[in-house]
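So the structure is just underneath, and the comments pick up after that.
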Amino acid sequence: MEEEKVTTTNTSVFSGTAQGWQFLWKNRGLLVMMLTMAAINFFSRLTYENILSPMILARSGENNMVLGLVNAAMGAGGILGGILVTLKKKTTNKVRMMYGSAALSFLFGDLLMAVGRNGIFWSIAGIAASLPIPFIMAANNVIMYSKVPQEMQGRVFAVRNAIQYSTIPVGILLGGVLADYVFEPFMMSQAPMVSILEKVVGAGNVSGMACMFLFTGLLGFLISCASYKNKEIQALNE
């Protein structure tokens with residue numbers, strides 16, 4: 001009897017997952033949105049989770065107070081963003097709210113973090129990076145709840161979570177590898193591009209990490225803009 005229960009449960013779980021995939025395959029706009037959000041999550045986690053702290057400590061002379069200030073600013077930005085999104089009037093263009101907020105987060109968060117040289121500058125960058133996040137999450141959830149029938153939401157949201165958040169641990173793991181074995185050695189090399197990048201992110205130790213923020217900012221911004229222009233995603237506003 002116990003074996004039959006386990007088999008039935010496993011079958012229903014896989015069946016529900018398959019139904020979630022089938023729904024998304026028929027509603028391609030939602031699937032494309034999830035894939036783009038997975039890319040955005042990937043680039044955001046390449047830097048902030050494991051690169052930000054060592055970069056700030058190295059560039060501030062191991063000053064823990066500066067690192068604490070930046071982390072506090074990021075937290076405050078997220079709280080402020082949550083308050084603002086609750087006070088904001090209802091928008092009909094949820095796609096613009098989601099990808100516009102993501103673009104601003106990358107543009108003013110990552111890029112300012114890359115070129116920053118002191119705690120005040122980094123704190124401003126932290127607020128700019130975290131404040132738009134509640135707007136992204138709110139718009140994403142509103143689209144999902146409005147486009148997915150209530151009886152399908154559990155199955156579809158399970159697949160959404162698997163797609164959209166699967167890139168987060170990959171980004172966290174890959175961030176450290178790229179910093180230690182790609183960007184830092186590159187910025188210490190004699191490549192012609194290094195002298196140009198040093199004018200933007202600075203030279204010396206952890207300049208490779210700052211360079212990573214520069215690239216994630218640019219790539220994240222471009223992906224957000226391209227996603228906003230996607231016709232299948234734009235149809236989600238209807």
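The values are calculated or read from the model by the stated rules, or taken from the named source; none is laboratory data. Because the structure is predicted, anything quoted here is derived from the model rather than measured. Heads up, the Cβs are rebuilt from the backbone with ideal geometry, glycines too, and the neighbour counts pull from every protein chain shown.
Descriptive notes on the structure:
- Pairs linking a residue in segment 70-95 that is β-branched (Val, Ile, Thr) to a residue that is surrounded by fewer than 18 Cβ atoms within 10 Å (Cβ to Cβ) and outside any loop (DSSP other than H, G, I, E, B), with Cβ atoms under 8 Å and 6 or more positions apart or on different chains, are THR92/ASN237; VAL95/GLN234; VAL95/ASN237.
- Residue within segment 103-117 that is assigned to a helix (DSSP H, G or I), in contact with a Cys (Cβ under 8 Å, 6 or more places away or on another chain) and on the phi < 0 side of the Ramachandran plot present: yes
- Any chance LEU80 is in contact with a Leu (Cβ under 8 Å, 6 or more places away or on another chain), assigned to a helix (DSSP H, G or I) and at pLDDT below 95: no
- Some residue of segment 57-65 being surrounded by 14 or more Cβ atoms within 10 Å (Cβ to Cβ), of a type in the set (Ser, Thr, Tyr) and within 14 Å of the chain's Cα centre (by Cα): no
- Within the option set ALA203, ALA235, being outside any helix (DSSP H, G or I), surrounded by fewer than 16 Cβ atoms within 10 Å (Cβ to Cβ), at pLDDT below 95 and aliphatic (A, V, I, L, M) holds for one residue only, ALA203.
- Verdict on GLY116 being surrounded by fewer than 16 Cβ atoms within 10 Å (Cβ to Cβ), modelled with pLDDT under 95 and of a type in the set (Gly, Ala, Ser): no
- Residue count for segment 163-188, restricted to those that are part of a helix (DSSP H, G or I) and closer than 30 Å to LEU24 by Cβ: 11
- Scan of segment 78-100 for residues that are surrounded by fewer than 22 Cβ atoms within 10 Å (Cβ to Cβ), within 30 Å of PHE183 (Cα to Cα) and in contact with a Phe, Trp or Tyr (Cβ under 8 Å, 6 or more places away or on another chain), ordered by number: GLY100
- Identity of the residue in segment 128-145, surrounded by fewer than 23 Cβ atoms within 10 Å (Cβ to Cβ) and more than 20 Å from ARG160 (Cα to Cα), that ends up farthest from the chain's Cα centre (by Cα): ALA128
This table checks each residue for (1) surrounded by fewer than 16 Cβ atoms within 10 Å (Cβ to Cβ); (2) at pLDDT 95 or above; (3) not in a loop (DSSP other than H, G, I, E, B).
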| site | (1), (2), (3) |
| --- | --- |
| TRP122 | no, yes, yes |
| GLU151 | yes, no, yes |
| ASN161 | yes, no, yes |
| GLN190 | yes, no, no |
